[in-house]
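The values are calculated or read from the model by the stated rules, or taken from the named source; none is laboratory data. Please read these numbers as outputs of a predicted model, since none were measured by experiment. Please note: Cβ atoms are built from the backbone with ideal geometry, for glycine as well, and neighbour counts cover all protein chains shown.
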Amino acid sequence: MKTLRYHHEIADLTNRRFGYLSVAWPVGQKKDRRLYWLCFCRCGKTRIIAGSTLASGNTRSCGCLHRETIRTHAGSHRPEYRIWEAIIQRCTNRKCKSWKNYGGRGITICEHWRDFANFFHDVGPRPDPKLTIDRINNDGNYEPGNVRWTDRRTQSLNSRRWPRKLTK
């Protein structure tokens, strides 16, 4: 391996594992002067990858690890996900500005809804961007049967400050 045009010692990566990848053998250098290796991924695909990206930890799979992560957190780009995160925060995080009005009052989110996929399945997509999530029983928890998508006016009328409750 010392015949390569590097001025420093090249580590032999043969038979080493980096994340999902197993390094088979060196393939050669490209114009960028980096040594490339043939790698087998756990999912069955083969890739030719620069040794420097393997050693640095920047490449850990053929791309399947990223796809798995996207599937696991598939809803994280949705507005409902941000709403769900806010519910979790105000019910569980004492440092959250709204905690005293939620978790501090004993309002919780049911265990089933601690998983976003379950929450989204039960509540469904927000029908209109102007709607917010509202607890029907203002003293009740975030749980199936006690939440709805509603406009801000309806939600403001369904609060502790308002003497009458809406039964919509």
| query | Taking the stretch 137-157, which residues are out of contact with any Ser or Thr (no Cβ under 8 Å at 6 or more places or on another chain) and either assigned to a helix (DSSP H, G or I) or not assigned by TED's automatic domain parsing to the domain that holds ARG114 (or both)? | reply | ARG153, THR154, SER156, LEU157
| Any idea how many residues of the stretch 108-126 are modelled with pLDDT under 95 and closer than 20 Å to ASN158 by Cα? | 2
| Number of positions in the stretch 126-154 that are surrounded by 11 or more Cβ atoms within 10 Å (Cβ to Cβ) and over 20 Å from LYS100 (Cβ atoms) | 13
| said: Restricting to the stretch 91-141, name every residue that is in contact with a helix residue (DSSP H, G or I) (Cβ under 9 Å, 6 or more places away or on another chain) and among the polar types (S, T, N, Q). | reply: THR92, ASN93, SER98, ASN101, THR108, ASN118, THR132, ASN141
